[in-house]
Amino acid sequence: QPLHQSSVSHDPSEIILWKQLCCSFYFKHAATVTHPLPAAFSDLLPHFLVEPDDVYIVKNKPVTLTCRSTPATQIYFKCNGEWVHQDQHLIERDVDPATGLPVMQVKIDISRQQVEKIFGLDDYWCQCVAWSTTGTQKSQKAYVRIAYLRKNFEEEPLGKEVALDQEVLLRCHPPEGVPPAEVEWQRNEELIDPKTDPNFFITVDHNLIIKQARLADTGNYTCVAKNIVARRKSSSATVIVYVNGGWSTWATWSACSAVCGRGWQKRSRSCTNPTPLNGGTSCEGQSVQKSACTATCPVDGGWSEWSKWSPCGADCTMWRSRECTQPTPSTGGKECQGLDLQSLNCTSEQCPQSEYHHLSASGAEDVALYVGIVAVALCLTLLLIVLVLVYRRKKEGLDADVADSSILTTGFQPMGIKPTKPENSHLLTIQPDLTSTTTSYQGTLRSRHEVTGKFSVSNGPLLEPLPNGSHTLHNGKLPSDPNDFMNRLSSQTYFKTLPRDNVNTSYGTFNFLGGRLTLPNTGISLLIPPEAIPRGKIYEIYLTIQKKEDMRLPLAGCQTLLSPVVSCGPPGVMLTRPVILSMDHCSDACLENWTIRLKKQSYEGMWEDVLQLGEEVVSEPYYCQLEAETCRVFTEQLGRFALVGESLSMAASKRFKLLLFAPAYCSTLEYNIRVYCMDDTQDLLKEVMQMERQLGGRLIDEPHVLLFKDSYHNLRLSIHDMPQAHWRSKLLAGYQEIPFYHIWSGSQRTLNCTFTLERQSMSTCDLTCTLCVWQVEGEGQSFTLDFNISKVTETICSMICHAFQIPYLIRQKICSSLDTPCPNGADWRLLAQRLKLDRHMSFFASKASPTSVILDLWETQHFHSGNLNQLAAVMAEIGKQEAMIFLVSDGEC
């Protein structure tokens with residue numbers, strides 16, 4: 001049939017191709033056509049049984065396109081508008097057994113080079129055209145593309161830290177590729193299937209959503225992209241699901257720490273509801289709460305008066321009784337000791353006994369009377385002999401035991417004392433004059449090198465002034481050679497760490513009257529109460545400050561050194577009652593924010609906890625009173641002590657002192673300002689002042705006391721507001737920073753930083769600026785400095801202090817008056833209340849003489865400001881009018 005008669009439209013190129021194919025088919029293949037179309041199907045157009053599909057060339061492997069049509073006499077491929085040469089066609093012919101129609105299948109191969117020859121935005125495509133006697137048909141276009149997958153992801157997932165139950169979104173944009181990559185997610189190299197775990201959801205744009213984060217969802221997440229060419233993995237994104245801590249409920253309050261008077265009770269809670277996990281924040285607030293409590297003091301029972309004797313009974317016995325009702329024991333007080341019923345034999349006319357029995361009993365009583373008279377006579381004779389011996393020994397001089405540090409360390413042997421009898425024994429109670437810089441004493445003492453010499457007691461200075469005025473001593477005297485004393489101590493094993501300098505060491509000789517050692521301008525002193533040293537003993541005692549850097553005190557966690565390291569000794573001496581060691585501390589004195597412990601160094605050099613403040617046990621040999629700036633340590637054992645604190649919350653603060661020094665004379669354009677940051681204790685202030693005197697520095701502003709919190713943040717300092725026309729700073733950074741731990745540990749004594757300034761001319765002498773000090777992420781303070789660099793001023797001078805001491809005999813009378821409990825409460829308990837020491841009632845009650853311990857503590861607190869008139873006024877308030885007899889003024893003494 002002619003092409004122009006076909007019902008199918010044709011373009012000109014197809015008509016030309018059709019004519020060429022007809023001629024070629026007629027002349028070359030006429031003999032090979034064995035399956036002509038049946039007449040019934042001669043007017044059918046070809047239809048495709050198989051059409052070519054889109055394919056991808058992977059790497060360099062060619063792809064095959066297939067086309068199958070019936071009834072068809074010819075099938076050719078046309079790619080990108082051009083006919084494919086017939087030699088590139090693989091033709092297969094067949095007959096459909098059901099219809100008898102001819103079936104023709106054609107295949108062609110497409111290589112990578114063919115596709116790459118096509119330039120432009122259009123893809124490479126192929127289409128097959130089938131002919132029959134009726135006309136032609138075209139198949140669908142099959143696109144041939146080169147498959148690839150880029151290496152780099154356009155967007156990779158990022159790690160996150162999320163709270164429990166929070167929604168998590170991990171983004172992923174896979175690499176560019178043909179065909180487009182499929183995306184899947186892995187957690188710790190395991191495939192995530194949202195069908196099995198509905199907590200996961202993968203969006204259409206390939207992002208992963210964790211609906212509610214669980215602890216098990218913590219892990220490394222990877223986005224995986226793949227197609228027929230390659231498989232790519234993104235970098236892992238670490239997801240950490242953290243749990244913020246929560247407080248448990250408060251535990252019940254503990255029992256009151258005091259059994260009498262004011263004490264403490266505490267309760268605690270833990271950060272376990274829930275416990276912080278995976279870096280979650282700890283609980284904010286206090287884990288321990290303390291509250292003041294008052295325990296009712298126990299009242300010991302007291303006997304009433306004996307009743308009258310009963311009439312003589314039939315058994316020749318009469319009775320009398322008494323009751324434990326004055327007062328009745330209460331709140332755990334002791335019951336009355338002794339008998340509540342007493343009997344006595346009697347003889348009277350009412351006694352029904354015979355005369356014989358009466359006479360026998362009377363004779364027995366007479367015998368007992370005579371035996372008693374003889375026994376009393378023997379006792380009086382023995383007592384008279386003892387008195388005579390004692391008198392003779394005093395007359396000739398006796399040898400008393402002398403115990404000092406030499407004996408304790410096997411350095412020297414004891415020696416005898418032969419003192420003269422004082423003409424006025426009452427001088428033992430005279431108030432000493434301690435306002436001078438010389439050493440005064442009270443008591444019958446002699447120089448250690450005057451073995452046979454005699455001296456009389458007076459109330460004036462007996463010793464030469466001490467070097468640098470560094471020692472204060474009462475009821476004792478100094479060794480004649482301080483260097484010899486220190487050398488003897490340092491030669492022993494335990495004392496090898498003692499400092500050799502005399503400036504920070506005080507030492508003296510003491511007897512039973514006691515006394516005090518003081519290190520001036522350091523806040524450190526040692527009170528040795530009367531009767532603390534046994535009668536007949538004399539001790540050489542020292543007091544010194546240890547260098548913190550030499551001690552290497554072990555500190556862990558949030559622990560910090562709150563006081564100087566103080567040694568008093570020698571250790572091992574026998575004390576009959578506690579001495580009081582006073583030293584400064586730098587805590588904010590708020591026990592709700594601190595756990596403060598007293599540490600003592602053992603003979604082996606190990607530091608041990610001997611006391612925790614707020615949980616003192618009165619039966620232990622240590623007790624501590626914490627005041628705003630001072631710590632008073634009661635101890636029955638001398639040794640090396642330090643106060644260590646551990647913060648319970650970030651509200652805990654240390655007091656630190658800011659000191660500003662500059663050169664006393666400046667002959668250059670550069671001018672240095674040194675800023676010291678140190679613990680607020682007097683010993684460190686004294687050390688810095690001595691060091692700056694050696695450096696030629698001067699204090700340019702009053703010391704400032706600041707609070708440094710346990711927030712792990714560093715301290716920053718900067719100088720601002722200088723007159724730019726005259727001064728400039730040579731500091732490159734905007735501020736200087738001191739690490740948190742350097743300040744908090746307390747082991748580094750003198751931290752300082754230097755600000756170097758430069759003046760424009762030598763004539764510039766006035767400097768005005770502002771110093772700013774702040775803790776990172778905290779509030780700060782600023783101080784204005786205004787001074788003349790050429791003017792030399794002395795701002796701090798040594799302080800001359802008055803030393804107060806309660807005379808011995810007056811102390812004894814007060815103790816005998818108040819130690820005995822009174823039913824109306826006018827005893828030592830009322831004295832403690834009047835002196836505002838009632839929070840230590842339990843400690844006082846545990847001592848043999850509570851009044852004496854109260855007076856020791858009061859005397860220590862008022863060492864520089866106390867006087868007998870204050871004590872007299874308190875005694876008058878208590879109602880002890882007889883006390884006015886022996887509480888006299890300083891002038892009358």
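The values are calculated or read from the model by the stated rules, or taken from the named source; none is laboratory data. Owing to the predicted nature of the structure, the values given are computational and were not obtained by experimental measurement. As a convention, Cβ positions derive from the backbone with ideal geometry for all residues, glycine included, and neighbour counts pool all protein chains shown. To get the accessible areas, we keep the full protein, side chains included, count just its heavy atoms, and leave off ligands, DNA and RNA. Shrake-Rupley method; radii C 1.70, N 1.55, O 1.52, S 1.80 Å.
When Asp87, Asp109, Asp94, Asp122 are checked against the criterion of being assigned to a loop (DSSP other than H, G, I, E, B) and either exposed (fewer than 14 other Cβ atoms within 10 Å of the Cβ) or more than 60 Å from the chain's Cα centre (by Cα) (or both), a single residue qualifies: Asp122.
Scanning the stretch 88-121 for residues that are farther than 21 Å from Val50 by Cα and without any contact (Cβ under 8 Å) to a residue 40 or more places away in the chain yields a count of 8.
Restricting to the stretch 59-73, and then to whatever is open to solvent by less than 40 Å² (accessible area, probe 1.4 Å) and modelled with pLDDT of 90 or more, can you tell me which residue is farthest from Arg145 (Cα to Cα)? Break it down stepwise before answering.
From the stretch 59-73, those open to solvent by less than 40 Å² (accessible area, probe 1.4 Å) are 63, 65-67, 69-72; that's our starting set.
Next cut, modelled with pLDDT of 90 or more only: 63, 65-67, 69.
Numbers: Val63: 10, Leu65: 13, Thr66: 16, Cys67: 18, Ser69: 25 Å.
Per the stated criteria, the residue is Ser69.
In the stretch 137-168, how many are crowded, with 18+ Cβ neighbours inside 10 Å and in contact with an Asp or Glu (Cβ under 7 Å, 6 or more places away or on another chain)? The qualifying residues number 2.
Of all the numbered requirements in (1) over 30 Å from Ile533 (Cα atoms); (2) of a type outside the set (Asp, Glu); (3) surrounded by fewer than 22 Cβ atoms within 10 Å (Cβ to Cβ), Phe656 misses one, and that requirement is (3). Filter the stretch 254-269 down to the residues that are surrounded by 14 or more Cβ atoms within 10 Å (Cβ to Cβ) and assigned to a loop (DSSP other than H, G, I, E, B), then identify the one that is nearest to the chain's Cα centre (by Cα). Checked the stretch 254-269; the qualifying residue nearest to the chain's Cα centre (by Cα) is Arg269.
Please find, within the stretch 809-864, the residue that is farthest from the chain's Cα centre (by Cα) out of those that are among the basic types (Lys, Arg) and modelled with pLDDT of 85 or more.
Of the residues in the stretch 809-864, the ones among the basic types (Lys, Arg) are 811, 813, 829, 834, 836, 839, 847.
This time we only want the ones that are modelled with pLDDT of 85 or more, so: 811, 813, 829, 834, 836, 847.
Values: Arg811: 43, Lys813: 47, Arg829: 37, Arg834: 37, Lys836: 31, Lys847: 35 Å.
For the stretch 809-864, the residue satisfying everything is Lys813.
All told, Leu90 meets the bar of being of a type in the set (A, V, I, L, M, F, W, C), modelled with pLDDT of 90 or more and in the same structural domain as Tyr56 (by the TED database).
Quick one: which of Gly100, Gly81, Gly177 is open to solvent by less than 30 Å² (accessible area, probe 1.4 Å) and small (Gly, Ala, Ser)? Spell out the reasoning first.
Details: Gly100 fails: open to solvent by less than 30 Å² (accessible area, probe 1.4 Å); Gly81 fails: open to solvent by less than 30 Å² (accessible area, probe 1.4 Å).
That would be Gly177, the only listed residue that is open to solvent by less than 30 Å² (accessible area, probe 1.4 Å) and small (Gly, Ala, Ser).
Counting the residues of the stretch 225-239 that are open to solvent by 50 Å² or more (accessible area, probe 1.4 Å) and either in a strand (DSSP E or B) or among the aliphatic types (A, V, I, L, M) (or both) gives 6. For the stretch 728-750, a residue qualifies if it is touching a Phe, Trp or Tyr at 6+ places or on another chain (Cβ under 8 Å) and closer than 20 Å to Leu785 by Cβ, and the qualifying residues are Ser729, Leu731, Gln736. Residues of the stretch 304-326 include none that is open to solvent by less than 90 Å² (accessible area, probe 1.4 Å), within 30 Å of Ser257 (Cβ to Cβ), modelled with pLDDT under 85 and in a loop (DSSP other than H, G, I, E, B). Of the strands (runs of 3 or more DSSP E) lying entirely inside the stretch 624-731, the ones with 2 or more residues being farther than 30 Å from Pro578 by Cβ and not charged (D, E, K, R) are found at 653-663, 670-679, 697-699, 704-709, 715-720, 727-729.
State which residue is nearest to Ile580 (Cα to Cα) when the search covers only the stretch 505-523 and only residues that are touching a Gly at 6+ places or on another chain (Cβ under 8 Å) and not aliphatic (A, V, I, L, M).
If we filter the stretch 505-523 for residues that are touching a Gly at 6+ places or on another chain (Cβ under 8 Å), which is where we start, we get 508-513, 515, 517, 520.
Restricting the remaining residues to those that are not aliphatic (A, V, I, L, M) gives 508-512, 515, 520.
Working: Gly508: 16, Thr509: 17, Phe510: 15, Asn511: 16, Phe512: 15, Gly515: 11, Pro520: 17 Å.
Only one residue fits best here, namely Gly515.
Checked against the criteria, Thr764 does not count as touching a helix residue (DSSP H, G or I) at 6+ places or on another chain (Cβ under 7 Å), of a type in the set (Ser, Thr, Tyr) and on the phi < 0 side of the Ramachandran plot.
It is to be established whether one or more residues within the stretch 617-636 are among the small types (Gly, Ala, Ser) and open to solvent by less than 40 Å² (accessible area, probe 1.4 Å).
Of the stretch 617-636, the ones among the small types (Gly, Ala, Ser) are 619, 628.
Those still in the list that are open to solvent by less than 40 Å² (accessible area, probe 1.4 Å) too: none.
Within the stretch 617-636, not a single residue is among the small types (Gly, Ala, Ser) and open to solvent by less than 40 Å² (accessible area, probe 1.4 Å).
Table: residues versus (1) open to solvent by 40 Å² or more (accessible area, probe 1.4 Å); (2) assigned to a loop (DSSP other than H, G, I, E, B); (3) free of Cβ contacts under 8 Å to residues at least 40 places away in the same chain; (4) not assigned by the TED database to the domain that holds Val58.
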{"residue": "Val183", "(1), (2), (3), (4)": "no, no, no, yes"}
{"residue": "Lys195", "(1), (2), (3), (4)": "yes, yes, yes, yes"}
{"residue": "His206", "(1), (2), (3), (4)": "yes, yes, yes, yes"}
{"residue": "Ile209", "(1), (2), (3), (4)": "no, no, no, yes"}
{"residue": "Gln212", "(1), (2), (3), (4)": "yes, yes, no, yes"}
{"residue": "Tyr221", "(1), (2), (3), (4)": "no, no, no, yes"}
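Scanning the stretch 712-736 for residues that are within 19 Å of Tyr676 (Cβ to Cβ) and open to solvent by 80 Å² or more (accessible area, probe 1.4 Å) yields one hit, Tyr735. Residues in the stretch 766-804 that are more than 36 Å from the chain's Cα centre (by Cα) and surrounded by 14 or more Cβ atoms within 10 Å (Cβ to Cβ) were compared, and the one that is modelled with the lowest pLDDT is Cys801.
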